[in-house]
Amino acid sequence: MIPSPAPRRRAAPHLLPTLTGVVLVGALLLAGPAAVADEGLTEESHSRYVLHAKDSEVRATTTTTIGNVTPDRGLTYYYFTSYAIAVPAGAEDVRATTGGAALPVRIEDTEDPSTRYAVATFAPLRYGQTRTIEWSFVVPGEPVRSKDYTRVGDGFATFAASGVGDAGRTTVEVVLPASMTFDATSDVFTKERSGKTVTYTATENTDKDGIWAVVSARDPKKADEKVVEVGGTSLTLQSFPGDEKWTGFVAKRLQKGLPVLEDLVGQPWPGGLDTIREDVSPKVLGYAWFDADNDEIVIPEDLDTATLYHELGHAWLNPDRLTGRWLSEGMTEVVAQRAVDRTGAQSDPWSAPDRHADVAVPLTAWDAHPGELDEDAEQYGYAASYTVVQKLLGGLDDDAFTAVVSAAQSGESAYERPGEREENWGRTDWRRFLDLVEERGDVTGAPKVLRTWVLDAEQKAALKPRAAARDAYADLDGADGAWSPPLGLRTAMTDWEFGEAKDVRAALDGAAQAAGAVQAAADSAGVPVPDPVRAAYEGAADDDSYAELATLLPRAADVTTRVGAAARAAAGDRDPVSRLGATVLGVDRAAEGARTDLAAGRLDDADARAGAALGRADAAPWAGAGVIVLVLGTAGAVVALVVRRRRRVAAASAAGVDPAPGSVVVEDALEERVVLPAAGDPEVGGRGPDAVEPGAREHLL
């Protein structure tokens, strides 16, 4: 379950016991949470709350036994004449009895609109005396969206269940129909089924004064349901019976907001949600929640757009993706508030809290104590989390905002290309988030924000070596052009292993500049950068691969330059004679072969073909003139240029057989023979280009 702050927070009643008394003066004891023995009174209680679904009411009984343990002092006598318990503000038919005799009861207001005091008066309770008081009252519930959070209706109930007593002497029971679910603000309840009812019992004090919890019961079969279609997503809305206003509000906001949330996060709806449920519990607890186990969102009855969008946002931004409650809550709230603005709704975002308040802690410490902090500390944490993320991302335009949020949600490293989710993937913590904010968002001053709000002393110390490492990384990344730095360096930076990053930079020793030279050579030559060479540079991750770059990259730059020269030679303007010679010698074919070999990373082959193309280009005028002479010398006979397989030539040479008399044989850098046959060569007669065997290294030109 991912709790998130609800728009309204519970103002828990501060029911502190008092003991005042002097000679002939009684004392009024207000007992919400209990008094303890060292305050002059012992207390024991047993409270039972029974939901009567048919009557839509809760019937409560409480038995309290109090004992005066404040000794008299000379002529000074300490005694009690009144005792009070907390009851729901709308409680009816409140009664108190002792030994079957009714006691006078009056109702007094408290600071909490959901709670009042029921005060019973009695004869003075002197030192050493005890009194047992039997209380009873009925809880009818209040209309939805009223200030009093108490709700009792057909299929639902939310109310405070409390018991006053010393540790080990307090019991609270809640009895519900077995068809109803049970939630409470405390996990001290155990359950036991008996027939058609289930009794939830708490015997462990929730604080020093006794037991206090708000309980919520729902019968899922009695909720009103409506299915809402948004794009290809179907969501079921479960409301209190008859609360059509809530259903209409949520349906409208869903249809407007879900596509906006997808756009802001930069990811399609991830699923994992079937139901959005209306409940009073979030209002009482102080937070709504995304329940991944049950695929549901539970939000309050308040018509609050930001809370709805916040909980929807947790479908993407949750602890499975983001490490740290402050990061998950802060980023989700910032996304929600931006969605509120984009859809034209209204909201009341958190104000920046006082960083020096008594409850203020570094947010990494707030993360470390979920559920252990008091309400003020929790609210500080939520407000500070929103403040931090808003300071970092709030000034970005939508594109940059989405770039950072999407990368954080996807677990990308800031040192990988956007969209890369294999190399250096991991859950986004404050370190990776800071890197993303600066790399993808180009935000300045981000470390100062985290230093102020998020980090403890040890974490702050890591920022200094990071700054130096990032400066050195930026220099290297600038030197290697459009390529990414080697994987080993990117990994060290991602993991904040700055000593390792320094060692990698030393091992690379000029490789970045050499990588830049390869790209400059390719640009000048007008040929693509060889992908295998780039992959070798960017994928280098150990000392051996770093060392190989020292020879690979300069060689690649040189070969790239030669291939470019060959391409220019093949494409250059020629007179008719040279053009004929270039065609006969296959200059274009050799240059294109060099380009193909370079693209495949076959540097030696590319170099050889480029050299051949350049040599043939130089010989093209002579070859063209030779062809013309042969044509004229054969009086119009067909002139064929046969290039046979090298092994046939080699075999003929080994056998002592030379080309026909009058033929001209030329070998170039590719060791290909170009044979200009003599006139009347019988092997040429009647054979054209199609007669050459496929795959022959010597070609008919």
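The values are calculated or read from the model by the stated rules, or taken from the named source; none is laboratory data. Every value quoted in this text rests on a predicted model; they were computed, and no experiment measured them. Here the Cβ positions follow ideal geometry from the backbone for every residue, glycine too, while neighbour counts run over all protein chains shown. Surface areas here come from the heavy atoms of the whole protein model, side chains and all, with no ligands, DNA or RNA. Shrake-Rupley method; radii C 1.70, N 1.55, O 1.52, S 1.80 Å.
Taking each residue as 0.36 nm, the span from Glu420 to Glu497 lengthens on full extension beyond its C-alpha to C-alpha distance by 25.7 nm. Within the straight-line cut-off of under 16 Å between alpha carbons, the aspartates and glutamates reachable from Lys256 are Glu229, Asp304, Glu311, Asp341, sequence neighbours fewer than 8 places apart in one chain being disregarded.
Peptides 305-316, 207-218, 65-76, 142-153, ordered by how many other C-beta atoms sit within 10 Å of their residues on average, highest first, read 305-316, 207-218, 142-153, 65-76.
Grab the Cα-Cα distance for Asp509 and Asp263, subtract it from 0.36 nm times how many residues apart they are, and report the gain in nm with one decimal.
Taking 0.36 nm per residue and subtracting the Cα distance, the gain is 84.3 nm.
Computed from the Cβ-Cβ distance with R0 of 30 Å, the FRET efficiency linking Lys252 to Ala474 stands at 0.05. Across segment 74-135, Cα-Cα pairs more than 19 Å apart make up 38 percent of the total. With all protein chains in place and a 1.4 Å probe, the accessible surface of segment 289-335 carries 36 percent carbon and sulfur. Normalised Debye scattering of segment 138-215 at q = 0.14, 0.22 Å⁻¹ gives log10 I(q)/I(0) of -0.49, -1.05, counting only Cα atoms as equal scatterers and leaving out solvent. Radius of gyration (Cα atoms) of segment 289-377, expressed as a multiple of 2.2 N^0.38 Å: 1.16. Among the protein heavy atoms of segment 144-219, carbon and sulfur supply 47% of the accessible surface, probe 1.4 Å, non-protein parts ignored.
Which residues does the label zone of Lys460 cover in segment 399-443, counting backbone N under 19 Å from a point 7 Å along Cα→Cβ? Residues 430-431, 434 qualify, since their backbone N sits under 19 Å from the label point. Each peptide in 391-402, 115-126, 77-88 gets a packing score, the mean of other Cβ atoms within 10 Å over its residues, and the list from highest to lowest is 77-88, 115-126, 391-402.
Peptides 455-464, 184-193 ranked from most to least packed, by the mean per-residue count of other Cβ atoms within 10 Å: 184-193, 455-464.
Phi-derived couplings, Karplus 6.51 cos²θ - 1.76 cosθ + 1.60 at θ = phi - 60°, listed residue by residue for segment 57-69: 8, 10, 10, 10, 9, 9, 10, 10, 10, 10, x, 7, 10 Hz, with x used for Gly and Pro. Starting from a Cα-only point model with no solvent, please compute log10 I(q)/I(0) by Debye for segment 72-182 at q = 0.22, 0.23 1/Å. Evaluating at q = 0.22, 0.23 Å⁻¹ gives log10 I(q)/I(0) of -1.31, -1.36.
For segment 264-313, the calculated P(r), taken from all Cα-Cα distances in 5 Å bins from zero up to the bin holding the longest distance, is 5, 20, 32, 22, 14, 6, 1 percent. Rolling a 1.4 angstrom probe over the protein heavy atoms with all chains in place gives segment 201-252 an accessible area of 47 Å² per residue. When the P(r) of segment 433-493 is calculated, the portion above 13 Å amounts to 68% of the C-alpha pairs.
Stokes-Einstein at 10 °C, 1.306 mPa s, Kirkwood radius from Cα pairs: D for segment 169-312 in µm² s⁻¹?
My calculation gives 94 µm²/s for D.
In terms of its C-alpha gyration tensor, segment 547-621 has a prolate overall shape, because the principal axis ratio a/c (a ≥ b ≥ c, square roots of the eigenvalues) is not below 1.5 and a/b outweighs b/c. With each label modelled as a point 7 angstrom along the Cα→C-beta vector, the Lys222-Asp207 pair spans 3.1 nm.
Dividing the convex hull volume of the alpha-carbon atoms in segment 204-251 by its residue count gives 143 Å³ per residue. Each of Gln519, Leu487, Phe498 was scored by the projection of its Cα onto the charge dipole of segment 408-552, and the greatest displacement toward the positive side belongs to Phe498; charges sit on the C-beta of Lys, Arg, Asp and Glu.
The label point for Asp341 and the one for Leu75, both projected 7 Å from the Cα toward the Cβ, are 7.4 nm apart. In segment 225-292, the inverse of the mean reciprocal separation of distinct Cα atoms equals 13.1 Å; this is its Kirkwood hydrodynamic radius.
Against the empirical 2.2 N^0.38 Å scaling, what ratio does the C-alpha Rg of segment 490-568 come to?
1.22
Per the Kirkwood formula applied to alpha carbons, segment 355-483 shows a radius of gyration over Rh ratio, Rg over Rh, of 1.00. For the pair Lys196 and Ile107 in one chain, pulling the backbone fully straight at 0.36 nm per residue adds 28.6 nm over the alpha carbon distance.
Report, in listed order, any pair from Lys191/Lys283; Lys196/Lys226; Lys222/Lys245; Lys147/Lys208; Lys54/Lys221; Lys245/Lys283 with a Cα-Cα distance greater than 20 Å. Check vs 20 Å cut-off fails for Lys191/Lys283; Lys196/Lys226; Lys147/Lys208.
Evaluate Rg over Rh across segment 458-594, taking Cα atoms for both radii and Kirkwood's formula for Rh.
1.20
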